[in-house]
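Trainee: The structure's right below; bear with me while I get my questions together.
The values are calculated or read from the model by the stated rules, or taken from the named source; none is laboratory data. Predicted model, so just to flag it, every value in this text is computed and none were measured. We place every Cβ from the backbone using ideal geometry, glycine too, and count neighbours over all the protein chains shown.
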Amino acid sequence: MDIHEYQAKELLRQFGVNTPRGGIAYSPEQAVYRASELSGDKWVVKAQIHSGARGKAGGVRICSTEEELSDAASWMLGRKLVTHQTGPQGKLVSRLYIEEATNIAQELYLAFVMDRKEERVVVVASAQGGMEIEEISEKEPDSIVRSVVDPAVGMQAFQAREIAFSLGLDASLIAQAAKTITGCYKLMAETDANMVEINPLVVTGSNEIVALDGKLSFDDNALFRHPNISELRDKSQEDPRETYAGDRGLNYIGLEGEIGCIVNGAGLAMATLDMIKQAGGEPANFLDVGGGASPERVLMSFKAVLNDKNVEAILVNIFAGINRCDWIAEGVIRAVKELELTLPLVVRLSGTNVEEGRKLIAESGLNISTAETLAEAADLVVGAWKSAKDA
Ligand code: GDP
Ligand code: MN
């Protein structure tokens, strides 16, 4: 789960990381009022969406008059801001964060990520911040510092100082930088975050270390033990198809194509997507119904898939181990009847109780195509989709 920048900064502050002072605004009028509460004569208006690269898209504006503040806020609010991370549909801006402007002397990059190969949290830092990490690793690869954290002891003070030194920071800044690094690590460990990214982390004109941006992402499977964090969820920033499915316990990822997929097991789901593409189609989603799927769960999966208005044909591909093909078949039949499904539907069943499952489908009298192998199923569904389109 992702959260907004202002929420991330609130958490960072709780863990001793410096951030600029700021306040949230929902209207141009509030934006001006928030600025009046802050000191200084320059403010930054920042669109709160779950995306980085807002600056380049007009979502971060430095203002020095009330009129500029109000104009920037009017422009951003209600807009679907398109960054190169949001996709072409963009993300709706309904909140702004108004901050006192910071006088930047140097922009650094600081991130904490889970490294799967190391099976550890890895700190990635660079003295060349401001641009995205992909760009840094292309343009300034030698500036990147990596440091693996031993989970048994956590981030140690000496390790944090070592990172700060390798960023080439002035001796007067080492203690502050080390405090920032340790704070971020503590935040990550205590909240089950799987990513903390501060870009830029800046050295100010008055020689302070300040987090100017903040991006936090949390492990969904651990949210149950952090109610204060799970309540920060903003569903308006998520793909509505994924929210619908996720709220019903389905593993669903929305894609751009027309063939809806209902599959058990993540590996088989990936293989199914490949086979659909191979057959000349485009999958509309990844959906893993999981093991032991009841007829109700299958029905729910159909609802999740049909929730996507781009879906024009459906492929059900089940290799039943823990699952039972007869239950799946029962769910498919219920779905076709209850949802009055008219789209082309191909079902491929294999494994436990396969004979019973196939029999149920054959005897249902419904318009359901069946296939023995995955390749056959993919060809069938893409063929059916194409002829339905041409019809
Ligand atoms: P992002 O584009 O979504 O990553 O948004 P950021 O919060 O990182 O802001 C983008 C850029 O705007 C930063 O890299 C800074 O260069 C600039 N910026 C943001 N806040 C300030 C500020 O208070 N003062 C100055 N001078 N620049 C700022
Ligand atoms: Mn940024």
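Trainee: Checking Val196 against (1) of a type in the set (A, V, I, L, M); (2) assigned to a strand (DSSP E or B); (3) surrounded by fewer than 24 Cβ atoms within 10 Å (Cβ to Cβ), which single condition isn't satisfied?
Mentor: (3)
Trainee: Still on this structure, please answer the following. What are the pairs with Cβ atoms under 6 angstrom where one residue, in the stretch 121-141, is within 14 Å of ligand 2 (Cβ to nearest atom) and the other, located anywhere, is aliphatic (A, V, I, L, M)? Sequence gap at least six, or different chains.
Mentor: Every condition considered, the pairs that remain are Ser126/Ile136; Ser126/Ile144; Gln128/Ile136; Gly129/Leu108.
Trainee: Shifting gears a bit: Quick one: which residue in Leu223, Leu169 is outside any loop (DSSP other than H, G, I, E, B) and more than 16 Å from ligand 2 (Cβ to nearest atom)? Even if it seems obvious, please write down each step before you answer.
Mentor: Values: Leu169 fails: outside any loop (DSSP other than H, G, I, E, B).
None of the others qualify; the one that does is Leu223.
Trainee: Among the residues of the stretch 296-315, are any more than 27 Å from Pro88 (Cβ to Cβ), in contact with a strand residue (DSSP E or B) (Cβ under 8 Å, 6 or more places away or on another chain), touching a residue at least 12 places away in the same chain (Cβ under 8 Å) and hydrophobic (A, V, I, L, M, F, W, C)?
Mentor: Kept after step one, since they are more than 27 Å from Pro88 (Cβ to Cβ), are these residues of the stretch 296-315: 296-302.
Filter once more, so that each one left must be in contact with a strand residue (DSSP E or B) (Cβ under 8 Å, 6 or more places away or on another chain): 298, 301-302.
Now drop any that are not touching a residue at least 12 places away in the same chain (Cβ under 8 Å), which leaves 298, 301-302.
Filter once more, so that each one left must be hydrophobic (A, V, I, L, M, F, W, C): 298, 302.
Yes, some residue in the stretch 296-315 is more than 27 Å from Pro88 (Cβ to Cβ), in contact with a strand residue (DSSP E or B) (Cβ under 8 Å, 6 or more places away or on another chain), touching a residue at least 12 places away in the same chain (Cβ under 8 Å) and hydrophobic (A, V, I, L, M, F, W, C).
Trainee: Right, something else. What helices (runs of 4 or more DSSP H), lying completely within the stretch 259-364, carry at least 2 residues that are among the basic types (Lys, Arg)?
Mentor: Values: elements: 266-278, 295-306, 325-338, 354-363.
Those helices (runs of 4 or more DSSP H) span 295-306, 325-338, 354-363.
Trainee: A further question on this structure: Take the stretch 139-166 and flag every residue that is of a type in the set (A, V, I, L, M) and assigned to a loop (DSSP other than H, G, I, E, B). Spell out how you get there, then give the answer.
Mentor: To start, the set of residues in the stretch 139-166 that are of a type in the set (A, V, I, L, M) comprises 144-145, 148-149, 152-153, 155, 157, 160, 163-164.
Selection gives Val149, Ala152, Val153, Met155.
Trainee: I've got another one for you. Six or more apart or on different chains, Cβ under 6 Å: which pairs go from a residue in the stretch 191-210 that's within 24 Å of Glu134 (Cβ to Cβ) and touching a residue at least 12 places away in the same chain (Cβ under 8 Å) to one that's more than 13 Å from ligand 1 (Cβ to nearest atom) and assigned to a strand (DSSP E or B)? Could you list them?
Mentor: Ala193/Leu216; Ala193/Phe218; Asn194/Met114; Asn194/Ser217; Met195/Val113; Met195/Ser217; Val196/Phe112; Val196/Leu216
Trainee: What number of residues in the stretch 18-38 are surrounded by fewer than 16 Cβ atoms within 10 Å (Cβ to Cβ), more than 28 Å from the chain's Cα centre (by Cα) and either of a type in the set (D, E, K, R) or not in a helix (DSSP H, G or I) (or both)?
Mentor: Result for the stretch 18-38: 2.
Trainee: From the list Arg161, Arg116, Arg120, which residue is surrounded by fewer than 20 Cβ atoms within 10 Å (Cβ to Cβ) and under 30 Å from Pro240 (Cβ atoms)?
Mentor: Details: Arg161 fails: under 30 Å from Pro240 (Cβ atoms); Arg120 fails: under 30 Å from Pro240 (Cβ atoms).
Only one candidate passes the filter, namely Arg116.
Trainee: State yes or no: is Gly129 in contact with a Phe, Trp or Tyr (Cβ under 8 Å, 6 or more places away or on another chain) and modelled with pLDDT under 95?
Mentor: Details: in contact with a Phe, Trp or Tyr (Cβ under 8 Å, 6 or more places away or on another chain): yes; modelled with pLDDT under 95: yes.
For Gly129, the condition - in contact with a Phe, Trp or Tyr (Cβ under 8 Å, 6 or more places away or on another chain) and modelled with pLDDT under 95 - is met.
Trainee: Please specify each residue of the stretch 61-84 satisfying the condition of being within 14 Å of ligand 1 (Cβ to nearest atom), hydrophobic (A, V, I, L, M, F, W, C) and not in a strand (DSSP E or B).
Mentor: Passing the criteria: Leu69, Ala72, Met76, Val82.
Trainee: I'm trying to understand the selection: among the residues of the stretch 89-113, which are more than 13 Å from ligand 1 (Cβ to nearest atom) and either surrounded by fewer than 17 Cβ atoms within 10 Å (Cβ to Cβ) or part of a strand (DSSP E or B) (or both)? Steps first, answer last, please.
Mentor: Of the residues in the stretch 89-113, the ones more than 13 Å from ligand 1 (Cβ to nearest atom) are 89-90, 92, 94-95, 112-113.
The answer is Gln89, Gly90, Leu92, Ser94, Phe112, Val113.
Trainee: Restricting to the stretch 2-57, give me the number of residues that are more than 16 Å from ligand 2 (Cβ to nearest atom), more than 30 Å from Asp219 (Cα to Cα) and among the hydrophobic types (A, V, I, L, M, F, W, C).
Mentor: Count: 5.
Trainee: Could you list, ordered by first residue, the pairs with Cβ atoms under 8 Å in which the first is in the stretch 49-60 and more than 8 Å from ligand 1 (Cβ to nearest atom) and the second is among the acidic types (Asp, Glu), at least 6 apart or interchain?
Mentor: His50/Asp2; His50/Asp234; His50/Glu238
One line per residue, one yes/no per condition, for (1) crowded, with 18+ Cβ neighbours inside 10 Å; (2) at pLDDT below 95; (3) not basic (Lys, Arg); (4) not assigned by TED's automatic domain parsing to the domain that holds Leu299:
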| position | (1), (2), (3), (4) |
| --- | --- |
| Gly246 | yes, yes, yes, no |
| Asn251 | no, yes, yes, no |
| Glu256 | no, yes, yes, no |
| Gly265 | yes, yes, yes, no |
| Ala279 | yes, no, yes, no |
